[in-house]
Each structure stands twice: as structure tokens, then as C-alpha cells.
Amino acid sequence: MLQEESDLSLIIAQIVQKLKGSNLYAQLERQAWASLQRPEIKLESLKEDIKEFFKVSGWEKKLQNAVYSELNVYPLPSHPAAPPEHLKEPLVYMRKAQGSWEKRILKSLNSMCTELSIPLARKRPVGEQKELLNKWNEMGTDEPDLSLFRPVYAPKDFLEVLINLRNPNYENGDSLSFRTHLGLIQVPLKVKDIPELKECFAELGLNTGQLGIDDSTQVPPELFENEHVRIGQKVLAEQDSAAAQQYIRQGSPTALRAELWALILNISSQPEDILYYEQLKMNVIQHDLLVDSLIYKVLLCFSRDTSVLGHFAYNSASPPKSYIRGKLGLEEYAVFYPPNGVIPFHGFSMYVAPLCFLYHEPYKLYQIFREMYVRFFFRLHSISSHPSGIVSLCLLFETLLQTYLPQLFYHLREIGAQPLRISFKWMVRAFSGYLATDQLLLLWDRILGYNSLEILAGKSKFFCV
């Protein structure tokens, strides 16, 4: 009990510290000072009156949504004596594997830089800046020659690293279990079995109505859909992130999805957010990065966004560094490259492509993608023991397929088509590019609803069938 109270106090302190540096905190402070001029605010009941003002004016709800958003993102507190790297990844062999993988990626990027005689970054000439600014809205419609550029790495390269992952403390003797003998992933991580998945994803049960599913249910589809839309509109009117997350577990109506996702991710698009996007855009226009040749327009701004570096506090990966020319090895001349610390891989743009169907304003599209990335997508290309990490997803997929469809699993293995080699690219891209857009968005509804990527492993199992 005392440990639970201590953990709760630590979580509260972390969230308070995080919110103190946010724009919301500044807005709340301004509103509190402004409310002192209101006649209903009395000195003798100042605290309670201001709290009531926040509640009536809707600021309390905004604060609740911000706290709920932080709870969904921030990892559970570790032991007070645990070193900082344990927050990133508790298992030493996972951290070492991720570090080796990062060195390999950086070596690939530097090799391409040397081969093409192109600097990692350069300031664009004024004429080129003007040209880029004039054709900004047409970017992506032309097809520049990228034949000289190669992906830094592809999903199949990453899979080979995961296949060779081993826990040095785990005894792999003659008594191999059925799963470790047949599956490609051979690390002893705890993954959910079917009963645990049923409990975790209870709203996906056969007796619960779902949008986007044609199977017969107890309630006629049109009646369920009409009622579900009505409830969704009520959730949006209440502006409650927790209620929106619960609601979307049964799928989102197409007309409400954009607003529901923004509510769950706590994206409000204030004037300062639009200004921040414009600043990132100007950084793109002023400076050219080698990685620009590998990504989509919205991602050009993403690569310059240093706020993304914050997610490395709970990501097993570390942002790569580069050095100012002639100062190699001197830490005081080291800079993160790219500025957001994320080197894109082959297919990285597929994380943002489906969002283009939901958001027309570039700044809103960008905000949603950035939040989706720092909550979910980064786990699909970093080595960790997290339940939503790609290693656990691969292991969960193999376990489910081998346990519940053993004949299919054994047949594929016998003909030299290991199931994971087929499904890995689906999971690492969160099925973007492999499902029709309407089906993909329904799948991502559930990722947001359950705040988990584990559903990708289950989807891969059925997709394989």
C-alpha cells in the first residue's frame, strides 16, 4: 500500500513538472489572475471560487485532458534507486542490441553521405530558398530523381537483427520449448495469451457492436451505427479525452474521427501551434538535410522538430549525434542529427500517409502525426522489451499463430516461408499500405482506444489466414 502511494506521488510530481513547462499552464495562470477581477471571486473563499470558475469556464476539463494525455504517454515510475537508462529499457541486453543497431544505421547514413559527396546538412542559397517557398504546396506532386539515394535500412534488415537477439542469461539447452524451437524470435519475454487478450480487449468481443464489421450481431447494424454516432457527438460535446478513448474502441464514425483523434491526443491547434509549424517550415526552406531525400513533405518539418527529442526519455533508442566539421569527437561540438533524433527508414512516410485523409490543414496533420509517433510508432522500429514494442509484437504473433493455428504455422515453416517473415512488414508499418484506408483507420481507432499496439499482432494472425 505504501509503495502504491509512493508511486502515485511520483507520477503526480512528474506530471506537474511536465505541465509547468506547457502552454496550458501559462494559460491557466493568466485565467486565474484575470478571474480575480470577477465579482463572484471572494477573498475568504479564493481557492474554492477559482476552482469553481475553472470548472464552469471549461478550463478544468482542459487540465483533466492534459493530465490524462500524460498518463497515457509517460511510463510507470521505476524504483527510486534505478539508473536513468532503466526508464528507457530495463533489460541490459536489449539496450546493447539497440545501441549496436543505432551504430549500424549511422554508419549506413555516413556511407551514403560519403559516396554521394553530399553533406549531412547545408544552408540553401537564397535563390533555392525562394524557389522552395514558391512551390511548397506542390511538393510531393513532382517526382525528383532519387535513384542515387538508397534507404538507410529496410524492415527486412531490422528483422534479421531481431531474429539474432538473445538473452545471455537465458539457458538455451536441449529442452527447447515448442515455441522457441519453431519461432524466429528467441527471447523470453512475457506476452499475453488468449484469455488475457480477451480480458484486455473486452470491447472487441463477438457480442459487442463494432463499426466496420459486417458480421451479424444482436443489434441490426444500422441501429447500432445511428446510436453510436449519437453517443460520439455527445462525447465531442463534452470534450472528455478519457470518454473519447473508451468510445473509439468500437470504432469511430468517419465524420467524427478527425475530431475524436485530436481529442484523445489532446491536440487543440492554438495560434502558437500554427506559428510553431510555420517556424519548422522556414527551417526546412533555409536548410537542406540529407535525410530530406528519404521522406514526405510533412516529415520535412518533423525532422527539424526538436520537441520530438523528449520521447527519448522513455524510448530505448538514443538520438544520433553528428559533429561540426573538423571537430569530430569533441562533445561540445556535437549536435543531434537530424534535429529530432529520428533517422527515417524505407516506408517511414507510410505512418503519415493515412492521416492525409483526415486532416486538410498541414499544421493539424503535423500535430496529429507527431503525437501518434511519440506515443506509438517509435516502438515499431526500436528494440525494447515493452509490451507494445516490435520484439513483443513479433513474439505475440508467433505464439498466437503456433498455438491456435499450428497446422498453418508448421506448413509455412516446412515450405520455407516463416510466418514472421511474411507479417513483419505489416506490423512495422502498422498495416499502412497493406489495408484499404477505411479499414486501416478502423484499426488505428483501436490502437488509440486501447493505447496499445498489441492489436497489430492479432491482426497479423488473421491477415495471415
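Do you know which residues across the stretch 340-364 are assigned to a helix (DSSP H, G or I) and open to solvent by 10 Å² or more (accessible area, probe 1.4 Å)?
Residues satisfying the conditions are Ser349, Met350, Ala353, Cys356, Phe357, Pro362, Tyr363, Lys364.
Search the stretch 143-182 for residues being among the charged types (D, E, K, R) and at pLDDT below 55, and hand back the single one that is least open to solvent (accessible area, probe 1.4 Å).
Among those that are among the charged types (D, E, K, R) and at pLDDT below 55, it is Arg179.
Of the numbered conditions (1) in contact with a helix residue (DSSP H, G or I) (Cβ under 9 Å, 6 or more places away or on another chain); (2) open to solvent by 50 Å² or more (accessible area, probe 1.4 Å), Ala430 fails exactly one; give the number of that condition.
Only one criterion in (1) in contact with a helix residue (DSSP H, G or I) (Cβ under 9 Å, 6 or more places away or on another chain); (2) open to solvent by 50 Å² or more (accessible area, probe 1.4 Å) is unmet by Ala430, namely (2).
With the requirement that a residue be out of contact with any Ser or Thr (no Cβ under 9 Å at 6 or more places or on another chain), open to solvent by 40 Å² or more (accessible area, probe 1.4 Å), modelled with pLDDT of 85 or more and not charged (D, E, K, R), what does the stretch 39-66 give you?
Across the stretch 39-66, the qualifying residue is only Leu63.
Within the stretch 405-420, is there a residue that is of a type outside the set (A, V, I, L, M, F, W, C) and within 27 Å of the chain's Cα centre (by Cα)?
First, pick out the residues of the stretch 405-420 that are of a type outside the set (A, V, I, L, M, F, W, C): 406-407, 410-411, 413-414, 416, 418-419.
Still in the list and also within 27 Å of the chain's Cα centre (by Cα): 419.
Yes, the stretch 405-420 contains at least one residue that is of a type outside the set (A, V, I, L, M, F, W, C) and within 27 Å of the chain's Cα centre (by Cα).
Specify the residue that is farthest from the chain's Cα centre (by Cα); the eligible residues are those in the stretch 229-273 that are within 18 Å of His360 (Cα to Cα) and β-branched (Val, Ile, Thr).
Here the residue is Thr254.
Six or more apart or on different chains, Cβ under 9 Å: which pairs go from a residue in the stretch 62-76 that's within 13 Å of Ile267 (Cα to Cα) and aromatic (Phe, Trp, Tyr) to one that's modelled with pLDDT of 85 or more and open to solvent by 30 Å² or more (accessible area, probe 1.4 Å)? Could you list them?
From residues that are within 13 Å of Ile267 (Cα to Cα) and aromatic (Phe, Trp, Tyr), the pairs are Tyr68/Asp240; Tyr68/Ala242; Tyr68/Asn266.
So which of Glu398, Glu371, Glu361, Glu414 ends up being in contact with a helix residue (DSSP H, G or I) (Cβ under 8 Å, 6 or more places away or on another chain) and among the acidic types (Asp, Glu)?
Glu398
Considering the stretch 275-297 alone, what residues qualify as being in a helix (DSSP H, G or I) and among the β-branched types (Val, Ile, Thr)?
Val284, Ile285, Val291
With the condition kept exactly as written, say whether any residue in the stretch 443-460 is open to solvent by 10 Å² or more (accessible area, probe 1.4 Å), small (Gly, Ala, Ser) and in a helix (DSSP H, G or I).
Scanning the stretch 443-460 turns up at least one residue that is open to solvent by 10 Å² or more (accessible area, probe 1.4 Å), small (Gly, Ala, Ser) and in a helix (DSSP H, G or I).
Which one of Leu256, Leu260 is among the aliphatic types (A, V, I, L, M), surrounded by 14 or more Cβ atoms within 10 Å (Cβ to Cβ) and over 27 Å from Ala457 (Cβ atoms)?
After ruling out the rest, the residue left standing is Leu256.
Can you pull out the residues in the stretch 408-436 that are in contact (Cβ under 8 Å) with a residue 24 or more places away in the chain, outside any helix (DSSP H, G or I), of a type outside the set (Phe, Trp, Tyr) and over 17 Å from Arg379 (Cβ atoms)?
Gln418, Gly433 - these are the residues of the stretch 408-436 that are in contact (Cβ under 8 Å) with a residue 24 or more places away in the chain, outside any helix (DSSP H, G or I), of a type outside the set (Phe, Trp, Tyr) and over 17 Å from Arg379 (Cβ atoms).
Within the stretch 382-420, which residues are among the β-branched types (Val, Ile, Thr) and more than 27 Å from Trp444 (Cβ to Cβ)?
Within the stretch 382-420, just Ile415 meets the criteria.
If you take the residues of the stretch 365-407 that are open to solvent by 20 Å² or more (accessible area, probe 1.4 Å) and part of a loop (DSSP other than H, G, I, E, B), which of them is modelled with the lowest pLDDT?
Among residues in the stretch 365-407 that are open to solvent by 20 Å² or more (accessible area, probe 1.4 Å) and part of a loop (DSSP other than H, G, I, E, B), the one modelled with the lowest pLDDT is Leu405.
Checking the conditions here, which among Ala313, Ala334, Ala417, Ala317 is buried (at least 22 other Cβ atoms within 10 Å of the Cβ), out of contact with any Cys (no Cβ under 7 Å at 6 or more places or on another chain) and among the small types (Gly, Ala, Ser)?
Answer to the check: Ala317.
Going by the conditions given, is Ile15 of a type in the set (A, V, I, L, M, F, W, C), under 25 Å from Pro387 (Cβ atoms), at pLDDT below 85 and in contact with a helix residue (DSSP H, G or I) (Cβ under 6 Å, 6 or more places away or on another chain)?
Details: of a type in the set (A, V, I, L, M, F, W, C): yes; under 25 Å from Pro387 (Cβ atoms): yes; at pLDDT below 85: yes; in contact with a helix residue (DSSP H, G or I) (Cβ under 6 Å, 6 or more places away or on another chain): yes.
In short, yes.
State whether one or more residues within the stretch 218-233 are of a type in the set (A, V, I, L, M), over 21 Å from Ile455 (Cβ atoms) and open to solvent by less than 60 Å² (accessible area, probe 1.4 Å).
yes
Taking Leu300, is it at pLDDT below 90 and part of a loop (DSSP other than H, G, I, E, B)?
For Leu300, the condition - at pLDDT below 90 and part of a loop (DSSP other than H, G, I, E, B) - is not met.
Quick one: would you say His360 is free of Cβ contacts under 8 Å to residues at least 12 places away in the same chain and not small (Gly, Ala, Ser)? Step through it out loud before you land on a result.
On the way: free of Cβ contacts under 8 Å to residues at least 12 places away in the same chain: yes; not small (Gly, Ala, Ser): yes.
Yes; evaluated as a whole, the condition is true for this residue.
The values are calculated or read from the model by the stated rules, or taken from the named source; none is laboratory data. Everything numeric here is computed off the predicted structure, so don't read it as measured data. Backbone-built Cβ (ideal geometry, glycine too); neighbour counts: all protein chains shown. With ligands, DNA and RNA removed, areas are computed over all heavy atoms of the protein, side chains included. Shrake-Rupley method; radii C 1.70, N 1.55, O 1.52, S 1.80 Å.
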